[in-house]
Amino acid sequence: GENVEQHPSTLSVQEGDSAVIKCTYSDSASNYFPWYKQELGKGPQLIIDIRSNVGEKKDQRIAVTLNKTAKHFSLHITETQPEDSAVYFCAARGTYKYIFGTGTRLKVLA
Amino acid sequence: GAGVSQSPRYKVAKRGQDVALRCDPISGHVSLFWYQQALGQGPEFLTYFQNEAQLDKSGLPSDRFFAERPEGSVSTLKIQRTQQEDSAVYLCASSAFRAPGGQPQHFGDGTRLSIL
């Protein structure tokens with residue numbers, strides 16, 4: 001069935017360093033790939049997304065890359081700050097429903 | 001309101017009781033989704049509405065789960081005869097346009113359900 005694998009499950013970085021989270025999807029019909037940030041006790045919040053006809057997208061310190069051939073997409077956060085600490089989820093969408101990865105707990109150490 | 005609103009935020013029930021979880025989507029959003037999020041996991045799809053029509057309920061774990069959106073706005077997820085394995089956070093999301101479409105889903109803060 002449809003599956004999204006996400007790595008790593010936990011990631012600790014020093015403040016100011018970069019963080020990279022990687023996802024792989026199985027459904028070749030997937031055409032939209034959002035990334036969500038979830039803080040404790042809150043719902044997922046959309047931080048960036050990319051469509052299948054685009055290879056890269058950047059929004060300030062956050063960027064996402066997509067390799068359709070390999071079915072890989074990645075989240076890059078530069079100049080990390082303590083407030084970036086949270087759980088990050090990738091997702092892949094075909095027609096309407098999202099298939100989520102298992103999440104990455106990012107800790108930014110001050 | 002400005003975002004997706006869910007109530008109650010927390011619900012504790014005894015095994016065997018029925019529960020009802022409410023979702024108020026963003027005003028005017030056509031599509032509404034329910035997801036279940038177990039501790040330490042990503043959200044898993046339960047069901048999808050386009051206006052009042054339930055177009056996909058393939059993710060509902062059993063026939064004890066029932067969802068409705070009678071007027072195409074507020075939605076209720078009902079769980080009958082709750083079991084311990086139903087304990088999870090139930091998330092609601094809404095999207096502006098009919099699927100397939102390019103608009104992202106916006107999530108509420110969820111209802112944390114605990115079955116004793």
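The values are calculated or read from the model by the stated rules, or taken from the named source; none is laboratory data. Worth saying up front: this structure is predicted, and the values here are computed from it rather than measured. Glycine also receives a Cβ, built like all others from the backbone with ideal geometry; neighbour counts cover every protein chain displayed. Just the protein is used for accessible areas: all its heavy atoms, side chains included, with ligands, DNA and RNA removed. Shrake-Rupley method; radii C 1.70, N 1.55, O 1.52, S 1.80 Å.
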First in region B:1-14 and over 20 Å from A:L46 (Cα atoms) and within 14 Å of chain A (Cβ to nearest Cβ), second anywhere and outside any loop (DSSP other than H, G, I, E, B) and open to solvent by less than 80 Å² (accessible area, probe 1.4 Å), Cβ under 7 Å, 6 or more apart = B:P8/B:T111; B:R9/B:T111
ask   = B:F97 fails exactly one of the following numbered conditions: (1) within 10 Å of the chain's Cα centre (by Cα); (2) farther than 26 Å from A:N3 by Cβ; (3) aromatic (F, W, Y). What is the number of that condition?
value = (1)
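Can B:F66 be described as part of a loop (DSSP other than H, G, I, E, B) and open to solvent by 40 Å² or more (accessible area, probe 1.4 Å)? Full working, then the answer.
Details: part of a loop (DSSP other than H, G, I, E, B): no; open to solvent by 40 Å² or more (accessible area, probe 1.4 Å): yes.
Criteria not met by B:F66.
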ask   = Can you name the residue in region B:19-33 that is modelled with pLDDT of 95 or more and over 14 Å from B:G3 (Cβ atoms) and is also surrounded by the most Cβ atoms within 10 Å (Cβ to Cβ) among such residues?
value = B:F33
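Among the residues of region B:11-27, which ones are acidic (D, E) and in a loop (DSSP other than H, G, I, E, B)?
Of the residues in region B:11-27, the ones acidic (D, E) are B:18, B:24.
Selection gives B:D18 alone.
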request  = Only residues that are open to solvent by 70 Å² or more (accessible area, probe 1.4 Å), under 25 Å from B:Q41 (Cα atoms) and either within 14 Å of chain B (Cβ to nearest Cβ) or aromatic (F, W, Y) (or both): list them for region A:51-91, please.
outcome  = A:R51
query = Is at least one residue of region B:3-10 touching a Pro at 6+ places or on another chain (Cβ under 8 Å) and assigned to a strand (DSSP E or B)?
reply = no
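Of these, A:G94, A:G16, A:G43, A:G103, which one is open to solvent by less than 40 Å² (accessible area, probe 1.4 Å) and on the phi > 0 side of the Ramachandran plot? Quick ask: steps written out before the conclusion?
Details: A:G94 fails: on the phi > 0 side of the Ramachandran plot; A:G16 fails: open to solvent by less than 40 Å² (accessible area, probe 1.4 Å); A:G43 fails: on the phi > 0 side of the Ramachandran plot.
The conditions single out A:G103.
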query = Looking at (1) touching a residue at least 60 places away in the same chain (Cβ under 8 Å); (2) surrounded by 16 or more Cβ atoms within 10 Å (Cβ to Cβ); (3) in contact with a Leu (Cβ under 8 Å, 6 or more places away or on another chain), which is the one condition that is false for B:F49?
reply = (1)
request  = Determine if region B:52-60 includes at least one residue that is without any contact (Cβ under 8 Å) to a residue 60 or more places away in the chain, more than 13 Å from chain A (Cβ to nearest Cβ), in contact with a Lys or Arg (Cβ under 8 Å, 6 or more places away or on another chain) and farther than 13 Å from B:A20 by Cα.
outcome  = yes
